[in-house]
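Okay, structure first, notes after.
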Amino acid sequence: MDDVSLYLARRDAYAAFLVAADAESHVAWHRVDGRYADESAAVAAVDAAYAATRGAFTVIEVEGIGPVEEGHAVLTQLAAIHKGHGSNPDWKAFKGAREEFLRAATGCLQAMRDER
């Protein structure tokens, strides 16, 4: 794989993870806001969103380089949002973890561009 392809693959993996994490946080928000028909529907939505987020992170985690630690922090904060049936989410902690992941991912990509 050439440098450009590797850069684009990592960029896309980081972006896909952020999109999935954002989608999962929206599911949590909709749950708190009572937008699901019942708790069963909310749990199904949470499970589907979690699977998508975890799947997107696995692409990053498998390589083991880049913002892996920061990605784990995002997953931890998402899990915390869902505790207690999502009744008391800490949005600030999630947003902070997301910002740290974005900062780290941007730094990794910048370092790849600088190496060229």
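The values are calculated or read from the model by the stated rules, or taken from the named source; none is laboratory data. Quick caveat: nothing in here was measured; it's all calculated off a predicted structure. Glycine gets a Cβ as well: all are built from the backbone with ideal geometry, and neighbour counts include every protein chain shown. The area values use the complete protein model at the heavy-atom level, side chains included, leaving out ligands, DNA and RNA. Shrake-Rupley method; radii C 1.70, N 1.55, O 1.52, S 1.80 Å.
Taking only C-alpha pairs under 8 Å that are 6+ residues apart, what is the relative contact order of the range 1-96 in percent? Could you put the intermediate results ahead of the total?
Numbers: 61 pairs, mean separation 28.7, N = 96.
This gives 30 percent for the range 1-96.
With the full set of protein chains in place, find how many percent of the accessible area of the chain is carbon and sulfur; take the probe as 1.4 Å. Numbers along the way, then the final one.
Values: 3820 of 6750 Å².
Whole-percent figure for carbon plus sulfur exposure: 57.
What FRET efficiency comes out for the pair Leu6/His72, r = Cβ-Cβ distance, R0 = 22 Å, nearest 0.05? Please list the in-between numbers first.
Details: r = 22 Å, r/R0 = 1.01.
Approximately 0.50, to the nearest 0.05.
If the viscosity is 0.890 mPa s and the temperature 25 °C, what Stokes-Einstein diffusion coefficient in µm²/s follows for the chain when Rh is the Kirkwood radius over Cα pairs? Can you show the working numbers first?
Values: Rh = 14.8 Å.
Once the numbers are plugged in, D ends up at 166 µm²/s.
Taking the mean number of other Cβ atoms within 10 Å as a proxy for protection, how do you rank 30-42, 9-21 from highest to lowest?
Values: 30-42: 13.1, 9-21: 18.2.
The peptides rank, most packed first, as 9-21, 30-42.
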